[in-house]
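Quick notes on the structure that follows.
The values are calculated or read from the model by the stated rules, or taken from the named source; none is laboratory data. Treat the numbers as computed from the prediction; the structure is a model and nothing was measured. Cβ atoms come from the backbone with ideal geometry, glycine included; neighbour counts cover every protein chain shown. Quick note on the areas: whole protein, heavy atoms, side chains included, nothing else; ligands and nucleic acids left out. Shrake-Rupley method; radii C 1.70, N 1.55, O 1.52, S 1.80 Å.
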Amino acid sequence: MEIRVKSASELIVTIEKANRLPDEPHTIWLDGADEDYVLSEAVAEYFGPTAFPVVVSDITIHGNGRIIMRSINAPPFRFFALNASSSDRTNACLTLNQLTLCNGDSGIMGGGAIVADGLLTLNECILLENWGTRGGALYAGFAYPAAINQCLFIHNVAREHGAAIAGAGSSHLVVQDSLFYENYVKESSLSIYTEGTWDQGYRTETLDIPRHMGFTRNPKVEFYTTQKGDAANPSIFNRLQIAKQQTEAINELKYKSGYRKPYPRYQTFWWDDYVIKPDTQKLLNSLLEQEAVISRSLIEQMVFAEQVPALVELAIAFQASQIQLESQASRMDSGFKHIYDYLSSTPGLPYLEAAIDLLNYYRSPDYEVIPGLIAQHQPLETITQFLEKHGDAIAAAVDPNDIASDNRVQILLRVIQGLVMQGIDCEGIPAIKRFVEGQRIRKSKVHNPLAWLPLQLTSVELEARNYLPTYSLGSTGLNYAHYRDGDPIPLELLPELPDLPIIKSIAPIMEPHRRFKALAKLGGRREALICEFETPLTDAHLQAKLLTKLDLKCVEGATAIRWQPESPEHIFNVLSSVAASGGPHLPGMGVGVSRFLAWKDMAALMGMDELSPIEDLDAQARSCKWFGFTSNSKWFWGIDIGMAALRPDGRTLVIAAASAGD
């Protein structure tokens, strides 16, 4: 179907018609004026109210430079939602060409302008002044690619994360020749966010104007540039000029929809272009040099003198100066971190020495990324040489009652555990062994958990090396171990559950976020339960329907459950990978600490002291029966986890579940 539409109402009807024909492509041209596409209400619901019907077919919209805008006085809603998540909608994809989306508002969920659970392509689009919860302009869902070509993301705001774009863990973003300008989230301007882990605010030269550009450490965010400037491929600078022209048109639309039009001389969003008048700059400098009480007094005198234009100019000058200084501070901080990460990841003893020495000047070291960069990029020989040369002096400088007194020790212990998790046997390397043993302070007031870990992998841990995050400059590849072989099975298709032994006791494990630190990194709800039976459970009891008898919130309302036996190795892999990579809402702990947290969780499941010798924990793990489970309840989605351990007595069953959602 190919059709031209002249208004938002016609576009709504056309998308509805296209959705009824999901097996063929549809092309729509927008021919109306900008004011014909000002929207005042939503017509659909998909992770929040949506202005147009949810796209479930193959639709291409040619905007021809048109502006689609939510009316100033309208309730919150976004513009487009795309849903290819069900089996009968796998053809759903949306392409937008030369279209501006302005003033979208997601409300409490999703992207401000678009939610894409399907293939999304944006060509020469402008997403301006949208408000989202996850993704100021765009949220890209699980497993679906989003291609962004020659687009501008300007002045979008996110309430939670992803100033311009937020992506689920398995989303694949491809960004080419695009600009992210003055997008904002939580006192930051990092524009792209995926899988819950912030980067350090790096800018990338692959963008022509990389202002306030941030992206997460995820290799599925790809950036490309092409040759700038010809008629067939307008440069990003030309697109920026178009955006400035669009701003004037948008202001006119806002005025028509009830917004009080600002005075043009005071209206500017392009702070770097704003020039403060010399006399205003002189007054501003004078006020900044005075104490706050005197400054307020001078401003009050201007108010009493009715110097209103001068006060407005001064207020704008304050705002412009603040934003410009914040921009400079952000670039300075990013510059320091970028240099630091280059030093950490460039092989060679001088680079490693410089990186470790700079920790004394690092205000808040990234304990997740730095050890990963060093452990995965510095040769083992270089790390060994460093410890032989400097290890004793660094260890001697630590306050025995304050294990956090030296950033260098914390980073080096994580590096060493990162080497061990890669399968390197560090037990036979004297420099490493001497450094770690110096931190095993068992009788003092404190105990360094990373020094407690052995310097070689146990039999249960051997497969964990396959599920480590991968660290490189500006990106982290997140890696999860899953144990789901298929969808949950309807309860009516499962065998009947034999009569259970008498339950001797059943109780929730209090504060599961404290007992299960690895599972807690998913960032959402947690549940843990311990159930003791009078007599041992049989294999016939150990099935999915058992969960429905234990009053578990994680399977409440479920009509289908998958329950399957697992090896202790894979349970450890699941726990360590979640601890290392984190979830959508919390960053992971990196390659070193994840090992400790995984054993801590397994100890809680097995009923052992978390600081028991690893050999004892390993042996107990092999004596337990392990299970993984999921269901179609509201609890489970994406990377959510359910696991259970039947202790060696056969009578004690411990169940733990963690959700990435709220």
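Given the stretch 33-132, what strands (runs of 3 or more DSSP E) lie entirely inside it while holding 2 or more residues that are surrounded by fewer than 20 Cβ atoms within 10 Å (Cβ to Cβ)? Strands (runs of 3 or more DSSP E) meeting the threshold: 58-62, 93-97, 119-123. How about the stretch 299-314: which of its residues are free of Cβ contacts under 8 Å to residues at least 24 places away in the same chain, in a helix (DSSP H, G or I) and either of a type in the set (Val, Ile, Thr) or open to solvent by 60 Å² or more (accessible area, probe 1.4 Å) (or both)? Within the stretch 299-314, ILE299, GLU300, GLN301, VAL303, PHE304, VAL308, PRO309 qualify. Of the residues making up the stretch 499-534, those that are over 39 Å from the mean Cα position of the chain (by Cα) and open to solvent by 70 Å² or more (accessible area, probe 1.4 Å) number 4.
The rows are residues; the columns are (1) β-branched (Val, Ile, Thr); (2) buried (at least 24 other Cβ atoms within 10 Å of the Cβ); (3) modelled with pLDDT under 70; (4) closer than 17 Å to GLY583 by Cα.
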residue	(1), (2), (3), (4)
PHE153	no, yes, no, no
VAL157	yes, no, no, no
ALA163	no, yes, no, no
GLY169	no, no, yes, yes
GLN176	no, no, no, no
ASN183	no, yes, no, no
LYS186	no, no, yes, no
SER189	no, no, yes, no
GLU195	no, yes, yes, yes
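Within the stretch 358-382, being in contact (Cβ under 8 Å) with a residue 60 or more places away in the chain and out of contact with any Pro (no Cβ under 8 Å at 6 or more places or on another chain) holds for ASP366, TYR367, VAL369, PRO371, LEU373, ALA375, GLN376.
Could you go through the stretch 353-369 and let me know if any residue there is surrounded by fewer than 23 Cβ atoms within 10 Å (Cβ to Cβ), modelled with pLDDT of 90 or more, under 32 Å from the mean Cα position of the chain (by Cα) and of a type outside the set (A, V, I, L, M, F, W, C). Yes - at least one qualifying residue is present in the stretch 353-369. Filtering the stretch 333-352 to residues that are closer than 21 Å to ALA580 by Cβ and open to solvent by 10 Å² or more (accessible area, probe 1.4 Å) leaves LYS337, SER345. Applying the condition of being among the acidic types (Asp, Glu) and closer than 24 Å to TRP452 by Cβ to the stretch 598-650 and asking which residue is surrounded by the most Cβ atoms within 10 Å (Cβ to Cβ) yields ASP601.
In the set (1) open to solvent by 50 Å² or more (accessible area, probe 1.4 Å); (2) touching a residue at least 60 places away in the same chain (Cβ under 8 Å), GLN385 fails one condition alone, (2).
The set of residues in the stretch 109-149 being at pLDDT below 85 and either among the aromatic types (Phe, Trp, Tyr) or touching a Pro at 6+ places or on another chain (Cβ under 7 Å) (or both) consists of PHE142, TYR144. In summary, SER567 fulfils each of the numbered conditions (1) hydroxyl-bearing (Ser, Thr, Tyr); (2) in contact with a helix residue (DSSP H, G or I) (Cβ under 6 Å, 6 or more places away or on another chain); (3) surrounded by fewer than 19 Cβ atoms within 10 Å (Cβ to Cβ) with the single exception of condition (2). Restricting attention to the stretch 274-286, the residues that are at pLDDT below 80 and either in a helix (DSSP H, G or I) or open to solvent by 70 Å² or more (accessible area, probe 1.4 Å) (or both) total 2.
Going by the structure shown, is LEU30 without any contact (Cβ under 8 Å) to a residue 40 or more places away in the chain and crowded, with 21+ Cβ neighbours inside 10 Å? Considered against the rule, which asks whether it is without any contact (Cβ under 8 Å) to a residue 40 or more places away in the chain and crowded, with 21+ Cβ neighbours inside 10 Å, LEU30 comes out as no.
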